[in-house]
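Rule-based calculations on the coordinates, nothing more; no lab input. Since the model is a prediction, treat every value here as computed from it, not as a measurement. Glycine also receives a Cβ, built like all others from the backbone with ideal geometry; neighbour counts cover every protein chain displayed.
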Amino acid sequence: MQKQIEKLKKVRDKALELIERRDKAALIRSDEWYNSEKGKNHETATATLADATETINDAIKELEIYLKHT
């Protein structure tokens, strides 16, 4: 089970890196782009990825608790 937890941590870390890159890309864009449909879609997709990362974090914590009790 520890190997699966480590894999989840790698997935989480890659997702966090992607979120950071997406945020940096959005910051250099103009307000016009940010308010456009493409900008809004970018923001929505980044937020969805952040939510998924939180879910992965929760899964990691639950699995670690499980391992402590087995």
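A few points about this structure:
- Unit Cα scatterers, Debye sum, the chain: log10 I(q)/I(0) for q = 0.11, 0.18, 0.23, 0.27 Å⁻¹: -0.37, -0.71, -0.93, -1.11
- Once the Cβ-Cβ distance of Met1 and Ala47 is raised to the sixth power relative to R0 = 25 Å, the FRET efficiency obtained is 0.25.
- Between helix 37-68 and the chain: long-axis angle, C-alpha atoms, 0 to 90°, nearest 10: 10
- For the residue pairs Lys14/Lys68; Lys10/Lys61; Lys7/Lys68; Lys10/Lys68; Lys24/Lys61; Lys40/Lys61, the C-alpha atoms sit more than 23 angstrom apart in Lys14/Lys68; Lys24/Lys61; Lys40/Lys61.
- Helix axis angle, 2-27 relative to the chain longest principal axis, alpha carbon, degrees: 10
- Residues Glu37 and Asp13, FRET efficiency given R0 of 25 Å [Cβ-Cβ distance, rounded to 0.05]: 0.25
- Using a Förster distance of 25 Å, the FRET efficiency for Arg21-Ile65 (Cβ separation, nearest 0.05): 0.20
- Each Cα pair under 8 Å and six or more residues apart adds its separation to the average, and for the chain the resulting relative contact order is 53 percent.
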